[in-house]
Amino acid sequence: MDFSSVYNYRLDWIASFVAVAQKGGFSAAAKALYRSQPRVSSHIGELEHVLGARLFDRSVQPVALTPEGRALLPHAEEVLFRIDAFSDVAEGADGVVRGEVRIGMYPSAAAFLYPPLVRQLRRQAPTVGATLREGATLSLESLLNSGEIDLAIRPVLPLVKDDRLVSTWLWSEPLVAVVPTGHPLAGSSSVTLQQIAPFPVITVGEPTEESPRHFETDLALAESGVRPVVAFQTNQPQTLASMVRGGLGVGITNALAMLTANCDGVRLIRVASGHVSRHVALWWRGDRAGSAAVDLVREVIGALPTPRMQSIDDPDSTRPDPPCSRERASAADPAARTPEEHSGVTGTSHPRP
C-alpha cells in the first residue's frame with residue numbers, strides 16, 4: 001500500500017461527494033451534512049481537482065454523476081462505511097467486545113492452556129482473538145514491558161523486576177524428577193533431592209551473567225543444601241525428556257512441563273522439596289490504559305480448568321509402563337477429559353468478523 005497517496009484526500013471531500021450523489025443536489029447535501037452549500041461545492045471542486053476528472057454534470061438539474069463519478073461512488077461509500085465500522089469497533093458502540101489480544105506463554109503453559117483458551121473464546125466471544133507468543137520465562141517480562149504482548153502467563157519465579165507488572169495467581173504445581181525406565185529411582189513414589197544428588201542433573205533455564213538462575217529448582221536445591229552437578233539446562237520439556245531418555249542425567253522440572261510432553265521411556269516421580277512449588281500467574285502492565293478485549297481474555301483464562309496433578313501421586317505410576325500418555329491426555333487435551341472436566345472448555349485464535 002502506498003500510504004503517501006492517502007494524504008491527497010480529505011474525508012470531508014468524500015463525505016460531500018457521497019452526500020451530493022445520494023441527495024441529488026448540493027443544497028440537499030449541505031443540509032444533510034450541516035454545512036453551507038458553498039462549502040460543499042468547494043469540497044467537490046477540490047476533489048475533482050485532485051482526481052483530474054469531473055464527478056458531476058452541473059449542466060442538468062438535478063446534477064447527475066458523470067461516468068467517472070458513477071465509477072467512484074461505490075468506493076467512496078465503502079470508505080465511509082469502513083470509517084463508521086472503524087469507530088464502532090474502537091468504541092464498542094454495539095456492545096460487542098472486539099479485538100486481538102497478544103498473549104505470551106512459556107512452552108508447557110502454552111501446550112496446556114492455549115487450546116482451551118482458543119475454544120472458549122470462540123464460544124463466549126467470537127469477535128475476540130488471542131494471538132500466542134511462545135517464549136522462555138525470562139523473555140516474557142521483557143515482552144510485556146516493551147508492549148509486544150498484552151498478557152503473559154509465567155511462573156512467579158524468577159521474580160519480575162518491573163513494579164509496573166501486576167498479576168493474579170492461576171495454579172501451583174510440584175517439582176518432579178524425570179528418570180529413565182529401569183533407573184534405580186524409577187520404582188520410587190517420591191524422591192528427595194539428596195537421593196537425586198549423586199546423579200548428573202538436567203534442569204530448566206539458560207543461565208548467563210545477565211540472567212542468574214532463580215527458578216524453583218534452584219530454590220529447592222538451595223534450601224536443601226544439596227549441590228548436584230548440573231550437567232545440562234533447557235527451556236524445552238521435550239528436550240529434557242529426550243536427554244533423560246538418552247541417559248544423560250536425571251531431570252528436575254515442574255510437573256506440567258512433563259505432563260504436556262512425550263514421556264515414553266521415562267518416569268515422573270514427585271520431588272519431596274519442602275514448601276517449594278511452581279506458582280503460575282497471569283501478568284499484565286498495571287499502568288496501561290484499559291481494554292475491554294484484554295479484560296475479557298483475562299476473565300476467560302481465570303475461569304479455565306487448572307492442571308490436574310493427582311496422577312503424579314497415583315500408585316499405578318510406579319508400574320514399568322510410563323503413565324505419561326494418560327496424564328498428558330488428561331492435562332493437555334480437552335477432548336480426553338470427562339464430561340464434567342470438558343464442560344465450558346472451548347475458544348478461537350482469531351476473531352470472527
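Only one of the listed residues (ARG288, ARG308, ARG270) is among the charged types (D, E, K, R) and assigned to a strand (DSSP E or B). That residue is ARG270.
The criterion of at least 2 residues that are within 15 Å of the chain's Cα centre (by Cα) and of a type in the set (S, T, N, Q) is met by the following helices (runs of 4 or more DSSP H) wholly inside the stretch 65-172: 107-124, 137-146. For first residues located in the stretch 151-180 and without any contact (Cβ under 8 Å) to a residue 24 or more places away in the chain, partners that are surrounded by 13 or more Cβ atoms within 10 Å (Cβ to Cβ) and lie 6+ apart or on another chain with Cβ distances below 8 Å form the pairs LYS161/GLU141; ASP162/GLU141; ASP162/LEU144; ASP162/ASN145.
Are any of the residues in the stretch 292-315 under 30 Å from ASP162 (Cα atoms), open to solvent by 40 Å² or more (accessible area, probe 1.4 Å) and modelled with pLDDT under 90? Yes: one or more hits. Quick check on the stretch 40-69: of everything there that is closer than 11 Å to TRP13 by Cα and touching a residue at least 12 places away in the same chain (Cβ under 8 Å), which residue is surrounded by the fewest Cβ atoms within 10 Å (Cβ to Cβ)? By that ranking, first place goes to VAL50. The set of residues in the stretch 188-202 being touching a residue at least 40 places away in the same chain (Cβ under 8 Å) and in contact with a Pro (Cβ under 9 Å, 6 or more places away or on another chain) consists of SER189, LEU193, ILE196, PHE199, PRO200, VAL201.
Would you call ILE103 within 30 Å of TRP169 (Cα to Cα) and open to solvent by less than 30 Å² (accessible area, probe 1.4 Å)? Yes; evaluated as a whole, the condition is true for this residue. Among residues of the stretch 244-291 being touching a strand residue (DSSP E or B) at 6+ places or on another chain (Cβ under 9 Å) and on the phi > 0 side of the Ramachandran plot, the one that is most open to solvent (accessible area, probe 1.4 Å) is GLY247.
The values are calculated or read from the model by the stated rules, or taken from the named source; none is laboratory data. This one's a predicted model, so the numbers in the text were calculated from it and none came from an experiment. Because the Cβ atoms are built from the backbone with ideal geometry, glycine has one as well, and the counts that use them run over all protein chains shown. Surface accessibility is based on the protein's heavy atoms, side chains included, excluding ligands, DNA and RNA. Shrake-Rupley method; radii C 1.70, N 1.55, O 1.52, S 1.80 Å.
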